[in-house]
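Undergrad: Quick one: structure below, then a few questions.
We did not get these values from a lab; they are worked out from the coordinates using the rules stated. Everything numeric in this text was worked out from a predicted model, so none of it was measured. Here Cβ is always computed from backbone atoms with ideal geometry, including for glycine, and neighbour counts include all displayed protein chains.
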Amino acid sequence: MMHDVARAARDQRLDADVVVVGSGAGGAVAAHRLQRAGKSVVLVEEGPAIDPRRYHAESWEAMKQLYYDQGMRAMVGNLIIPTMQGRVVGGTTVVNSAICFRLPDEVLERWVEEEGLRDLSPDVLRPIFDEVEEFLNISPEEDRYQGRHNLLMRDACAATGWRGHAIRRNSRGCHGCGRCILGCPEGAKLSMDRTYVPAFLDLGGELLTGVRVEQVMVSRGRAVGVRGRAIDPVTMRRGRRVEVRAKAVVLACGTVGTPAVLAESGLGGGMVGRNLVNHVATGMLGFFDQEVRAWDGVNQGYCCDHFRKDGFIVEVFWAPLDLMTIRVPGFGMAHKQRMARMGHVAGWGAMIRATSKGRVWARPGKAPAIFYWMNKRDGALMQRAMKATADLLFAGGAKMVTPGIHGVPTELTDPGQTRLIAEANLGSQAFNPIGNHPMGTCRMSERKGRGVVDSHGESHQVERLFVADASVFPDAPGVNPQVSIMALAAHCADYVATVV
Ligand SMILES: Cc1cc2nc3c(=O)[nH]c(=O)nc-3n(C[C@H](O)[C@H](O)[C@H](O)COP(=O)(O)OP(=O)(O)OC[C@H]3O[C@@H](n4cnc5c(N)ncnc54)[C@H](O)[C@@H]3O)c2cc1C
Ligand code: SF4
């Protein structure tokens, strides 16, 4: 059953076998899996449950409705890098692009080796990935819903000989309206609010919405529940007290939220919030003679993963036009003239497996601050990735490319000019990236002093306190993370079910 507690008139107190906090990629899967294992589970979510028909079509309204900090959350350091997170039942899966990759075997093997992880291997996760992929109908979109901008990358890969493929997506009945990042108005994207959360409720699970968990309760070194406050989704005003007592606590508030709850509780040790990693991504626009109409078709439907093992992949990207305008260079008439050609534009972007580090600095009673410094190595990798992206756009038939890199001409009009990207003396601050895949702030490691949780996601400091979200990743895997988060959360939940 679902209870909206945001404006409850009375304090709430519940009991369960397990309380799971956060209903995004990690929390929804963990809650469902535990309920299916016969445990009584209370799932607590800060955001509201929103019917897809109520999603706003206007970007800024939708961001207020669905994102933390109205979509303005950023990592601050030698650059300011937007890092967005959903605040709604279903978490960031509600606003993501539905791109689905499995964790590459070699990445997991490296994690196992470097962090001394136990009971984790590609063979252990394979059946979990199979199950998640089937449940979420993960498959490439039909060509008719891809749109020209995705199919052009397919042509470009064929022309360059670089490996590429249609992106596999968690959707059913998608007709390519391209609005994924504002929430799918058709309910076609199989985000957690459409899949694992309803399946959890069908099994008898309890969902509390509109509750921000503030603290984990601990007794004799063991987690015994959580407490927090109802929170109004519009005014953010704190309301009644909420307490859920349980035999185990699973935190899945995301890479920023989970260290914040741990810090507020004075738990987790000195590594909490450290080791913030991300996939840094940035895009460029290609102007074609032919009509592209990038707003027709899925926003991210094709990728070139030829250079994945070198540390980057190139993916098509698109966003609603009011957001795309900020990627169009120029002011006044120059901007207007380029905007007039938007029907002929494709946006492709490079995403690097960044090694840069940052920190979520969470202090009791204060909103978390996010620091991140992009290092020279990542700047150089981004430079290489952007050159490849420009080459790909020209190979796909673009007549002009706007790289959006400080220190490189605003317009490149000839394929030979892409060398200007490679040859420019660029630092990491020359780019305008985003980093929507924050990970790592509660690193999973068996090595002393390196990790916050062990191989099953259990805290090194507090018994029966688990973390099941992106924050457990030891480093950036180099592919879009949602399915890997789900698989690791399922692995964690299976273990929790054996101890509770
Ligand atoms: C615009 C965008 C596009 C993306 N596209 C893709 C993509 O196509 N493919 C992909 O693999 N990844 C994508 N991602 C990233 C991916 O969606 C996230 O990595 C993933 O959802 C993170 O899962 P999580 O469980 O760690 O956190 P989330 O999914 O963010 O869930 C955390 C939940 O916890 C709740 N919460 C936080 N704090 C509290 C608290 N104190 N009390 C109660 N509840 C709390 C939040 O409201 C949220 O619902 C995208 C991200 C963005 C922003
Ligand atoms: S492209 Fe449109 S219909 Fe398809 S999943 Fe995204 S928002 Fe839904």
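Undergrad: Going by C-beta contacts inside 10 Å, put SER428, SER219, SER139 in order with the fewest on the left.
TA: Going from least to most buried by this count: SER219, SER139, SER428.
Undergrad: For region 401-443, restrict the atom set to alpha-carbon positions and state the Rg and Dmax in Å.
TA: Over region 401-443's Cα set, Rg and Dmax evaluate to 14.4, 46 Å.
Undergrad: To the nearest 20 debye, what charge dipole does the chain have about its Cα centre, counting +1 at the Cβ of each Lys and Arg and -1 at the Cβ of each Asp and Glu?
TA: Computed charge dipole of the chain: roughly 1340 debye.
Undergrad: Another question, then. For the chain, treating each Cα as an identical point scatterer without solvent, what Debye log10 I(q)/I(0) comes out at q = 0.11, 0.13 1/Å?
TA: Debye curve over Cα of the chain, log10 I(q)/I(0) at q = 0.11, 0.13 Å⁻¹: -0.87, -1.21.
Undergrad: In which sequence would SER356, SER471, SER40 go, from the one with the fewest C-beta neighbours within 10 Å to the one with the most?
TA: SER40, SER356, SER471
Undergrad: Contact order normalised by length for the chain, with contacts defined as Cα pairs under 8 Å and 6 or more residues apart; what percent is it?
TA: Computed over the chain, the figure is 24 percent.
Undergrad: Students often forget the sequence filter, so: which aspartates and glutamates lie under 20 Å Cα-Cα from LYS336 once same-chain residues fewer than 8 apart are removed?
TA: ASP289, GLU291, ASP322, GLU411
Undergrad: While we're here: Whole Å is fine, so just give me how far the alpha carbon centre of region 464-500 lies from that of region 115-151.
TA: 15
Undergrad: For region 419-485, what is the charge dipole size about the Cα centre, in debye to the nearest 20, if Lys and Arg each add +1 at the Cβ and Asp and Glu each add -1 at the Cβ?
TA: With only Lys, Arg, Asp and Glu charged at Cβ, the dipole is about 160 debye.
Undergrad: Pick out, from VAL292, MET374, ILE181, the residue whose Cα sits farthest towards the positive end of the charge dipole of the chain, with +1 on the Cβ of Lys and Arg and -1 on the Cβ of Asp and Glu.
TA: Positive-end residue among those listed: MET374.
Undergrad: Using all C-alpha to C-alpha distances in region 83-169, build P(r) with 5 Å bins and read off the rounded percent in each one.
TA: Going out from 0 Å in 5 Å bins, region 83-169 shows 3, 11, 14, 15, 17, 19, 14, 5, 2, 0 percent.
Undergrad: Dipole of the chain (Lys/Arg Cβ +1, Asp/Glu Cβ -1, origin at the Cα centre): which of HIS32, VAL500, GLY269 lies farthest to the positive side?
TA: GLY269
Undergrad: Highest mean first, how do 122-129, 341-348 rank when packing is the count of other Cβ atoms within 10 Å averaged over residues?
TA: Order by mean packing, descending: 341-348, 122-129.
Undergrad: Efficiency by 1/(1 + (r/R0)^6): what FRET value for GLU113 and ASP69, r their Cβ-Cβ distance, R0 = 41 Å, to the nearest 0.05?
TA: Rounded to the nearest 0.05, the efficiency is 0.65.
Undergrad: What do you get for Rg/Rh of region 1-113 when both radii come from the Cα atoms and Rh is the Kirkwood radius?
TA: Taking Rg over the Kirkwood Rh, I get 1.04.
Undergrad: Related question: Could you give the dipole magnitude of region 40-117 about its Cα centre, charging the beta-carbon of Lys and Arg +1 and that of Asp and Glu -1, in debye to the nearest 20?
TA: Dipole magnitude for region 40-117 comes out near 480 debye.
Undergrad: Beta carbons within 10 angstrom, averaged per residue: use that to sort the peptides 277-287, 415-425, highest first.
TA: Highest to lowest by the protection proxy: 277-287, 415-425.
Undergrad: May I ask you to compute the full-extension gain from ARG220 to MET1, defined as 0.36 nm times their residue separation minus their alpha-carbon distance, rounded to one decimal in nm?
TA: Result: 75.7 nm gained on full extension.
Undergrad: Further question on the same structure: If each residue's Cβ is checked for other Cβ atoms within 10 Å, how do HIS165, HIS149 rank with the fewest at the top?
TA: HIS165, HIS149
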